[in-house]
Amino acid sequence: MYQRILVPVDGSLTAKAGLDEAIRLARLTGAELRLMHVLDAAAYATGFEPANVYCNEVLPLMKRAGARILEEGKERVERSGLKADCVLLETVADRVCDLVAAQAIDWSADLIVIGTHGRHGVGRLFLGSDAEQIMRTAPVPVLLVRTDGEEGARSMRRVAGSESSAAVAM
């Protein structure tokens, strides 16, 4: 069974739904949880800010926000009676999916649990899907916890303890 569950989080309701599912699995299996957050610095660079502003203001702000996301996730895990460790990674050139896959290998994860909006069609084309990229590059099984935006995340919480809308993909 799963002994090490990696949970990428970004602070969204969708990610929280994924974390809630990982918590349920960890309770059932006695697994360890590791939360990870990736600071994708290139995603927030406009190219118009001077380098010193970016290095001295934007990056520290991103790091504080990422640390807060991880802290909130860790508190959520601890309220459930479990423990988790956290990893904050920063990238400029690497893809998030590659960093998640590398973390799964480095930490010897048995499973990756991710919340996803389940977008398709034009929405997926324009917005992309980090969850899909992680699923395609992951060296271990991936559990996608599908929500339909904010209302979907709320409905996931209502079904806590019963069947969820999770689908296992490899």
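Rule-based calculations on the coordinates, nothing more; no lab input. What you see is a predicted model, and the numbers here were worked out from it, not measured in a lab. Cβ placement follows ideal geometry from the backbone for every residue including glycine, while neighbour counts extend to all protein chains displayed.
Counting only residues at least eight positions apart within a chain, or on another chain, the lysines with an alpha carbon under 17 Å from that of K16 are K74, K83. With the simple spin-label model, which puts each label point 7 Å out from Cα in the Cβ direction, the Q3 to L28 separation comes to 1.9 nm. Loop-located trypsin sites (Lys or Arg not before Pro) across region 48-99 with a Cβ neighbour count of 15 or fewer within 10 Å are K83, R95, with loop assigned by DSSP. If R0 is taken as 25 Å, the Cβ-Cβ distance between A51 and A102 corresponds to a FRET efficiency of 0.35. The residues neighbouring K74, those whose beta-carbon lies less than 15 Å from its own, together hold a net charge of -2 under the Lys/Arg +1, Asp/Glu -1 convention. In this label model, L59 and S12 are separated by 2.6 nm, measuring between points 7 Å along each Cα→Cβ vector. Each label point was placed 7 Å from the Cα along the Cα-to-Cβ direction; for E75 and V92 their separation is 3.3 nm.
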